[in-house]
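Okay, structure first, notes after.
The values are calculated or read from the model by the stated rules, or taken from the named source; none is laboratory data. Predicted, not measured: the structure shown is a model, and the values here were computed from it. Ideal geometry is used to build each Cβ from the backbone, glycine not excepted, and the neighbour counts take in all protein chains shown.
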Amino acid sequence: MKEKDMSCPDGHGKMKVTRTHEKMKFRGVDIDVPAEQYVCPVCGIKAGTIEQTSAIQKAISNAYRKATHLLTGTDIIEGRKKLNLTQAALAKHMNVGIASIKRWESGLIQSKSMDQSLRIALRGQTLGDICTGNQEFSIPRIKLVLKQFESVLGKTILKKNDKMLFAAKYLWYADMLAHRELGESMTGSTYAALPYGPQLNNYRDLIDDIVKADESKAKPLSPEEKKVINRIAMKFHKEQMIYDAAHKEPIWKKQPKGAIIPYSDSCELAEI
Ligand SMILES: [Zn+2]
């Protein structure tokens, strides 16, 4: 910053540019803000130029965001540049206006949910990857995975008039664990956090098609995928076990009811 001359309003002559750390409370959070101001060496009075004052505003916002685990303006700018995205491109990616990106980068504090969207976008992921686990959605494959579970478990898990209470949990574990271990889900299904556990999103509209689907039309399961299914079936060989385990998973618990459970959370599976 260019140094200008600033004189003490109490007539002590030239003030000196001083870098300090100001401790303060902002929105109830204790923060430590680096600040550059003019200070009078005689009486200690402080004053700032317009540029210094706006730099302090920005520093307050960044210190607050750091303390509350939100991305800072610098994080957003650096993350965006790493991906070679313009502010307009990032805005489009996130379905927000470019003004929002500009404001967050220059100091406006984003909401927690916008922070999550920013993190997803800055990882270079689209909402599709998060919802489908990098796999094309396939109903025959859902049937194939369920059939594989049935052959390993030696019992029927997809029943007529099924609400998929158990079948959906076997599927969910298969998709999530495959995403964690193999980098992509098995069926491309999207899951919602419902009160009775993780469930296929819109399962009511899918159930008939799943029951009728021809699993021979699905891409065959790879040996690695079969291993994932075996592992789940061995660990949760009774339906009640998979039901209980799903209800202990933090990645289901932390979602508001009805929200999508993102595949990016698969690394936090706790029960397997
Ligand atoms: Zn003075």
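A few notes on this one:
- Counted residues, segment 145-162 - those being modelled with pLDDT of 90 or more, assigned to a loop (DSSP other than H, G, I, E, B) and among the basic types (Lys, Arg): 1
- So Gly133, is it on the phi > 0 side of the Ramachandran plot and without any contact (Cβ under 8 Å) to a residue 60 or more places away in the chain: no
- Filtered by the rule that a residue be out of contact with any Pro (no Cβ under 6 Å at 6 or more places or on another chain) and within 16 Å of the ligand (Cβ to nearest atom), segment 6-30 gives Met6, Ser7, Cys8, Pro9, Asp10, Gly11, His12, Gly13, Lys14, Met15, Val17, Thr18.
- Filter result for Tyr64 (within 16 Å of the ligand (Cβ to nearest atom), crowded, with 16+ Cβ neighbours inside 10 Å, hydroxyl-bearing (Ser, Thr, Tyr) and at negative phi): no
- Single unsatisfied condition, Ser222 versus (1) closer than 22 Å to Asp129 by Cα; (2) in contact with a Phe, Trp or Tyr (Cβ under 7 Å, 6 or more places away or on another chain): (2)
- When the helices (runs of 4 or more DSSP H) confined to segment 163-272 are screened for residues that are exposed (fewer than 14 other Cβ atoms within 10 Å of the Cβ), those reaching at least 2 such residues are found at 203-212, 223-235, 239-248, 250-253.
- Some residue of segment 31-42 being away from the ligand (no atom under 16 Å from the Cβ) and without any contact (Cβ under 8 Å) to a residue 12 or more places away in the chain: no
- For segment 43-59, the candidate set comprises residues that are of a type in the set (A, V, I, L, M) and within 16 Å of the ligand (Cβ to nearest atom); within that set, the residue that is nearest to the chain's Cα centre (by Cα) is Ala47.
- A count restricted to segment 101-115 and to residues that are under 20 Å from the mean Cα position of the chain (by Cα), part of a helix (DSSP H, G or I) and without any contact (Cβ under 8 Å) to a residue 12 or more places away in the chain stands at 1.
- Helices (runs of 4 or more DSSP H) contained in segment 14-100 and holding at least 3 residues farther than 21 Å from Asp115 by Cα: 50-67
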